[in-house]
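See below for the structure under consideration.
Coordinate-derived values only; no laboratory data. Bear in mind the structure is a predicted one, so any value in this text is a computation, not a measurement. Every residue, glycine among them, receives a Cβ derived from its backbone with ideal geometry; neighbour counts consider all protein chains shown.
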Amino acid sequence: MNDHQLELRRKAGERAIDFVHDGMTLGIGTGRTVGFFIERLGEMCRAGQLRDIRTVPTSEHSAAKLREFNIPIVSLAEFPALDLAIDGADEVDPDLNLIKGLGKALLREKVVEIHARKFIVIVDESKLVNRLGESGPLPVEIVPFEASSHVRWLNTLGCRAELWLEQDGSPTLTDNGNYLARAWFEGGIPDIFDLNRTLNDRPGILEHGLFLGMACQAIVAGEDGIRVLEGKNVR
């Protein structure tokens, strides 16, 4: 990632603070763009420009960053209805359907974000695609038990799937202690809704990176400035 792209992500993350108000309980996603949002949130809380903010983070990494700024962390058991969730995405289609999870936190992200009254995604314009899956893989969280059988099944879905491995050859682990697979669809996923149903029905597949009909808005940073795109499923 070059410095210019990093700067665009910073602008998207910082722009999202305009949607945060005193007293909110926020779902906080995972990733570098969200990191910029957390930093801005922390600065404003320290300066007294935002008060009484609570957060539910989607990863241990985001939780650690929130603690750096002494931003209160709560649970969904305490606050089951979140005012707003902020997160990045790996791909965003014209209807604001998303692929997420290459930051290795997709299951927790989906658990948190379905509890939000409003979910805003923050990205740079390189994340915009015509069809999900056209620029990168779909991450899939699987149980470690018989992991190779789940990957083998994924390969029957018209994609090339493999277990996600670390540099030392060990399986990549989520914060939940599960494995991740990645599935590449040449030219993109033909029918995202059919694939969503198929993956949801398969034992051993815990969650996947298709976030369909969840995002209300997308803050997109590009060469011409910041755009706020509206989704079809405004909640």
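Can you pull the one-decimal nm distance between simple spin-label points at ILE114 and ASN2, each 7 Å off the Cα toward Cβ? Those two pseudo-labels are separated by 4.0 nm.
Only helices reaching 15 angstrom along their own axis (Cα) with mean Kyte-Doolittle hydropathy no lower than 1.0 count here, and not one DSSP H run of the chain does. For PHE193 and GLU223, the FRET efficiency from 1/(1 + (r/R0)^6), where r spans their Cβ atoms and R0 equals 30 Å, is about 0.40. Annotation note: GluC sites (Glu not before Pro) in segment 154-235 located in DSSP loop regions with a Cβ neighbour count of at most 12 within 10 Å are GLU166, GLU186, GLU223. Each of ASP22, ASP124, ASP95 was scored by other Cβ atoms within 10 Å of its Cβ. Arranged with the fewest first, they read ASP22, ASP95, ASP124.
In loop segments of segment 1-81 as defined by DSSP, the GluC sites (Glu not before Pro) with at most 10 further C-beta atoms inside 10 Å of their C-beta are GLU78.
With both labels modelled 7 Å from their Cα along Cα-to-Cβ, the ASN200 to ASP18 distance reads 3.4 nm.
The chymotrypsin sites (Phe, Trp or Tyr not before Pro) of segment 127-205 meeting both criteria, a DSSP state outside H, G, I, E and B (loop) and at most 12 other C-beta atoms within 10 angstrom of the site's C-beta, are PHE145.
With the simple spin-label model, which puts each label point 7 Å out from Cα in the Cβ direction, the LEU173 to LEU157 separation comes to 2.5 nm. The order of HIS150, HIS61, HIS208, HIS4, going from fewest to most other C-beta atoms within 10 Å of their C-beta, is HIS4, HIS61, HIS150, HIS208.
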